[in-house]
Amino acid sequence: MLFNCGKFQLNLHRPHVMGIVNVTPDSFSDGGRFSKANLALQHALSLIEQGADILDIGGESTRPNAVPVSLQEELDRVIPVIEGLVNQINIPISIDTYKPQVMQAAIDAGASIVNDVRALQESGAIDMIAASNVGVCLMHMQGTPQTMQINPQYNDVVAEVKAFLQQRLVACEEAGIVKNRILLDPGFGFGKTRVHNITLIQHLARFASLGQPLLVGLSRKSVLGQVTGNDVDSRLYSSIAASVISAMVGARILRVHDVKATVEALKVVIAIQQ
Ligand code: 8Y7
């Protein structure tokens, strides 16, 4: 239950909240309002005030059909935000990227966690993380952000996602990344239909046998829109439901936009789990 990331050690006995800081002009859920480093910084500090345990800084949108950004553009977006935050906060900063160069620059700037939607499959990524002391989140995705929602297919979505995470876990261990630095994530919405996403939530407890803390990201995602009929700006209540349900069946880190509401809802879960 102890997660080691850089100079931090998180006791994941209680569920933790990872607040999302998008530094992307095209991010679907905050419309680019925080696209400038200064605004992102203010937003990050406000998420800490709201009770975030971790901040996840991302400079390239991974929503379906998002336009990829260049390495330089991604660096220009995220590094100033990390540099601006690192000396005034005392919680881990996570960098949301799959590019090894961005990982390295973010780690050099003070990031403590790498959140990789490609699970360190890019060339050089796994060795770079092995040579550092940061924590890592390995996420499952079928396809790429450009194609993943076209026609995702599985014979057994739970078994296949689990097998992928198990394989990436073994690869990381073989490269020298110890288990207490590794989080696993089924990757809701990444190459999954509504039925796939719902099935994964129903069977989330089965991921416990992988032996690693689970991170879940369902905040404002389209499966919640499909269930409620609400567009992305009106998915607060369903997002809270998703976080509470996920934590009740074992998720240890909830990646969310709405930190204050999630922290308060999780207090009820924590009281029950104690
Ligand atoms: C997730 C994520 C996104 C997720 C992890 C969005 C970067 C899409 N979703 N990382 N990133 N898990 N680990 O809607 O579910 O926030 S981006």
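Values in this text are rule-based calculations from the coordinates and carry no lab data. Model, not experiment: these values are computed from the prediction. Don't worry about glycine lacking a Cβ; one is built from the backbone with ideal geometry, like all the others, and counts go over all protein chains shown.
Points to keep in mind about this one:
- MRE, 222 nm, helices only [DSSP H, n ≥ 4, -39500 (n - 2.57), over the chain, to nearest 500]: -12000 deg cm²/dmol
- The packing ranking, built from the mean of other Cβ atoms within 10 Å per residue, places the peptides 205-212, 49-56 in the order 49-56, 205-212, highest first.
- The DSSP beta bridges internal to the chain are antiparallel in roughly 15% of cases.
- Environment charge of ILE126, counting only residues whose C-beta is closer than 13 Å and scoring Lys/Arg +1, Asp/Glu -1: -2
- The residues neighbouring TYR154, those whose beta-carbon lies less than 14 Å from its own, together hold a net charge of +1 under the Lys/Arg +1, Asp/Glu -1 convention.
- Pairs over the 28 Å Cα-Cα cut-off, from the set LYS162/LYS260; LYS36/LYS179; LYS99/LYS221; LYS36/LYS162; LYS36/LYS99; LYS7/LYS192: LYS162/LYS260; LYS36/LYS179; LYS36/LYS162; LYS7/LYS192.
- Cβ-based charge dipole, the stretch 121-212, positive-most Cα from ALA159, SER132, ILE177: ALA159
- Amide H contacts of HIS16 (H built 1.01 Å from N, under 5 Å, at least 5 apart or other chain): ILE253, LEU254
- For PRO213, neighbours were defined as the other residues whose beta-carbon sits under 12 Å from its Cβ, and their charges (Lys and Arg +1, Asp and Glu -1) total +3.
- Scanning the chain for DSSP H helices at least 15 Å long along the axis (C-alpha atoms) with a Kyte-Doolittle mean no lower than 0.5 picks out 37-49, 71-86, 157-175, 236-248, 259-273.
- Which of GLN72, VAL17, GLN273, positive extreme of dipole for the chain (C-beta unit charges): GLN273
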